[in-house]
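Novice: Can you read through this structure? Questions will come right after.
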Amino acid sequence: MAAPIRGEPGSERLRFKDFEFQRLASGRCRAKVVLTSSDGREFLGESEGIISQAGELRCGAAATVRALERVVQPKLGFELLGVKAVRAFDATVIIVSLSVRQDTRGSRLVGAYLTETDAPRGAALAVLNATNRILGNFFATR
């Protein structure tokens, strides 16, 4: 299989490489996310939060937002507006809401991820699902 040509759709896609989540004795939690680009560069994002269902979800999602910002700044900026776990159809769905700003324009993004076992990781993946299209456009115009 030939290597993708730069600028070809899918040639600059970010991959979810690693996720670590720790509950600390201090009552806080820490998340680390590693994203990789097609050329092998790695982008680390870290976040800390409070141990609670909402705090852990936000911690996982925020770490992904920080990793994404390392890729796209200063051209794009993301803000995590909210993250929530919803029980639907006998499954847990993690939903995230983000705002994205590009130049003087702003818009909202929503992403979701179905999970049963690792909600903080699901929140991290929901952020990637929310940003996939805008990141594809970002890489296509670079």
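Novice: Of the residues 41, 15, 87, which single one is of a type outside the set (A, V, I, L, M), surrounded by fewer than 19 Cβ atoms within 10 Å (Cβ to Cβ), closer than 18 Å to residue 134 by Cα and modelled with pLDDT under 95?
Specialist: The unique qualifying residue is 15.
Novice: Could you grab me the full set of residues in segment 30-78 that are without any contact (Cβ under 8 Å) to a residue 40 or more places away in the chain, in a helix (DSSP H, G or I) and not acidic (Asp, Glu)?
Specialist: Once the filter is applied, which keeps residues that are without any contact (Cβ under 8 Å) to a residue 40 or more places away in the chain, in a helix (DSSP H, G or I) and not acidic (Asp, Glu), segment 30-78 yields 54, 55, 62, 66, 67, 70.
Novice: Residue 72 - would you say it is of a type in the set (Val, Ile, Thr), buried (at least 16 other Cβ atoms within 10 Å of the Cβ) and either modelled with pLDDT under 95 or more than 18 Å from residue 96 (Cα to Cα) (or both)?
Specialist: yes
Novice: Would you mind stating whether residue 6 is exposed (fewer than 14 other Cβ atoms within 10 Å of the Cβ), modelled with pLDDT under 90 and either basic (Lys, Arg) or out of contact with any Leu (no Cβ under 7 Å at 6 or more places or on another chain) (or both)?
Specialist: In short, yes.
Novice: Picking from 112, 123, which residue would you name as being closer than 19 Å to residue 15 by Cα and surrounded by 20 or more Cβ atoms within 10 Å (Cβ to Cβ)?
Specialist: From the options 112, 123, the qualifying one is 123.
The values are calculated or read from the model by the stated rules, or taken from the named source; none is laboratory data. The structure displayed is predicted, hence computed values, not measured ones. Cβ: placed from backbone, ideal geometry, glycine included. Neighbour counts: every protein chain shown.
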